[in-house]
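The values are calculated or read from the model by the stated rules, or taken from the named source; none is laboratory data. Since we're looking at a predicted model, the values are computed, not measured. With ideal geometry, Cβ positions are generated from the backbone for all residues, glycine too; neighbour counts draw on all protein chains shown. Side chains included, ligands, DNA and RNA excluded: accessible areas come from the protein's heavy atoms. Shrake-Rupley method; radii C 1.70, N 1.55, O 1.52, S 1.80 Å.
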Amino acid sequence: MAASNPAPSDVTPGYSPGGLARRAAEALRRAGKAVWRGDAQAEEPRSPAVVSFAALTERLKGYLSHADLQKVKEAYRFSDAAHLGQFRKSGEPYITHPIAVAETLAEWKLDAAAIQAALLHDVLEDSGISKQELAAKFGPVVAELVDGVSKLDRLRFDSTEQQQAESFRKMLLAMARDVRVILIKLADRLHNVRTLDAMEPEKRRRIARETLEIYAPIAHRLGLNALYRELQEQSFARLHPLRYRTLQKAVLAARGNRREVLGKIYETVRKGLANAKIKAEIQGREKTIYGIYRKMVEKHLSFSEVLDIYGLRVVVPTRSDCYLALGVLHSLFKPVPGRFKDYIAIPKVNGYQSLHTTVIGPYGMPVEFQIRTPEMHHVAESGVAAHWLYKEDDTSLSELQSRTHQWLQSLLEIQSQSGDSAELMENIKVDLFPDKVYVFTPKGKIVSLPRAATAVDFAYSIHTDVGNRCVAARINGEVQPLRTELRNGDVVEIITGPVARPNPSWLSFVRTGRARAEIRHFLRRMKREESIALGESLLSQAARQLGIALAEIPPERWDALVREAQAKDREEILADIGLGRRLAAVVARQLALGVLPPDGSALARSAAPVIIRGTEGMALQMANCCTPIPGDDIVGHMRKDQGLAVHQTDCPYAQRARRADPERWVDLQWADEIAGSYAVNLNVSAANERGVLGRIAVALAEADSNILSVHLEDDNAEQALIHFKLQVKDRQHLARLIRTLRRIKQVSRVTRVRAGRASGEDADARV
């Protein structure tokens, strides 16, 4: 990080680039040596490059106009002056980092605005220069790109994780407007991981882990495969240096033994394609160290088993040649069943297209082939950046740009629905999971989802309303549960219901970030609406105790309370009451100021209890300690952020807690008409005979009760005690259910279990 930050007034517009050469020479003398970056498939992770603006200029001359080149030079001079006196941890002048980032973008042939933004991408953070200054000097496009990449270092957060998440949230918003933001950020991250060795070990591991979890998957999702592989290699080498070096030595040792086998396969394929009059370029594909490590871990393979799979790439002129070449390969070698994938007919979500097949080669070794055209190869290596590299490719690239835009929009939806930064990062990581399944709508549209995605994920991928109202799925013509995992080629139709709503349990099995974010958003909204309704009931009861009605409160008194409480509006105060964050009695007294007579002589009316109807949803829960059901005498406990907990009036816990904090307890009463089912605990003593549990279960079903859980313990050889948790509608329903159970001759005793009561108490006295 910077040693010092010059003020904006210290910037010298005419700063000479010659100063960079002197600083670079001094840095090299301190470092002792420098290594130029090698190829993306180099055996060692790349060392930091000796960079120079002159070399960058020569590369840019190849595709930028003279006017654009002058704009880039102006951005360089500004950045060089802004970073004057700043050095990286490695001892190099800080300006070498922006140049290296710009050089990566130049390899992708990005436009002048992106190159300018790359050179300027750290000036907002490190040099006290404002976005407005950048916009005035370089235009709003460049300023927006720089601002999108910049971190939020000037803001205070509770934790480093929250700061990283908020930076990522800001970057998402910017990259949804312009994909160049993420390309600049990826190039920035690439140079940072190449130079990680200068960092402290803990920071080095943190950056490497973050790169593997977030930035490498983004590169993969955008189709930047060369960048994706290098980010993985660099990060793995820093995160697990010993494992990396061990595998690297093993790969080098095995390489000589593989040369003969690969040569034989290559020659056989070359002759076969030539005889079929197919022009082809054949390339060997060697697995990356991280790719070998991940396959060993995921598939529990030894090193020799992973390395025994050889890889070749066949590049042919046209799409039809791809399928002809596939036929030639299958005539030369026996294909492995189930190992053929057609990514040309159904491309991956990042635009990748190829035919994949695995065959049995010489000596019984499996050989993986990728067959593609030159255009497909460009997209496979450069992904969305191919838009700038290969502008003559129109059809495939326009489809890729469209898919990328849709994905960026989906990320934008996820971030808008996520409640906080940690939730956002969780949802994004889920959505970046690379393995995909491809399923079809009833009309034949292809939908791509993460591996192990369910019918709920599919429903939300179609539309939010479809997901919110889904009740079941018809998969390949058969009705299946919503948690059913989808497989490649499934035809999926979602069945919806007019009153259906998301279930919190869905969060345990959905796989897509969008589904997870939409479910949580809906549940939060419903909880707020239910909390507002409950809060109004509680406040109305508290106001009646003071002898006033809510309708009598003038609007200006409400406005004053909203200002005093620093709330957004009246609904926020009511929601806080429903969630237990504010006490209804306190709020009622605040509202009563100016309404009650000054002498306080008004007689408080008798406090009517709050009516419970069973439709309060997540704002109200039945206490597990005493499991109240309609018909029981009840009392309510306001728990902060958890709403109202309903207890039986004689619950020992409720009695103790009410004495300790009476302000948080309210009287409740069941409504005449009650909705829903309620949990109740029963102990059943029965003869320990074969089939007795089945007879009891049948009797419970006939009594219209649902078993939530069951646990059996043997009292002795003849009797068994069975603990049931059941659902009933009210006390009358429970009484009928108990009478039904007592008719079973093997059942000797039935008792309802409540907090602080002996389980053997007579049931008839309890119900």
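Here are a few things to note about the model shown:
- Sites ALA274 and ALA254, calculated FRET efficiency, Cβ-Cβ separation with R0 35 Å, nearest 0.05: 0.70
- Inter-centroid distance (Cα atoms) of region 113-153 relative to region 471-491, Å: 48
- Vicinal HN-Hα couplings computed from phi for region 112-123 (Karplus, 6.51 cos²θ - 1.76 cosθ + 1.60; Hz; Gly/Pro x): 5, 4, 5, 5, 4, 4, 4, 5, 9, 5, 10, 6
- Shape category assigned to region 249-385 from the gyration tensor of Cα positions, a/c cut at 1.5: oblate
- Taking other residues whose beta carbon is less than 11 angstrom from the beta carbon of ILE495, and scoring Lys, Arg as +1 and Asp, Glu as -1, yields +1.
- Ordering VAL297, VAL680 by accessible surface, largest first, gives VAL297, VAL680; the 1.4 Å probe counts only protein heavy atoms, with every chain in place.
- Shape class of region 171-265 from the alpha-carbon gyration tensor: oblate, with a/c at 1.5 or above and b/c at least as large as a/b.
- In order along region 524-539, the Karplus-derived 3J(HN,Hα) couplings, from 6.51 cos²θ - 1.76 cosθ + 1.60 at θ = phi - 60°, round to 5, 5, 5, 5, 5, 4, 5, 5, 4, 4, 5, x, 5, 5, 5, 5 Hz, and Gly and Pro are given as x.
- Computed FRET value (nearest 0.05) for ALA560 with ASP68, which takes r as the C-beta separation and R₀ as 51 Å: 0.25
- Each residue, GLU133 and ARG209, gets one label point 7 Å from its Cα in the Cβ direction; the gap between the two is 3.7 nm.
- Rounded, prolate or oblate (a/c below 1.5 giving rounded, otherwise prolate when a/b exceeds b/c) for region 627-749 by Cα gyration tensor: prolate
- Evaluating 6.51 cos²θ - 1.76 cosθ + 1.60 at θ = phi - 60° for every residue in region 69-81, the Karplus couplings come out as 5, 5, 4, 5, 5, 5, 5, 5, 4, 5, 5, 4, 5 Hz, glycine and proline recorded as x.
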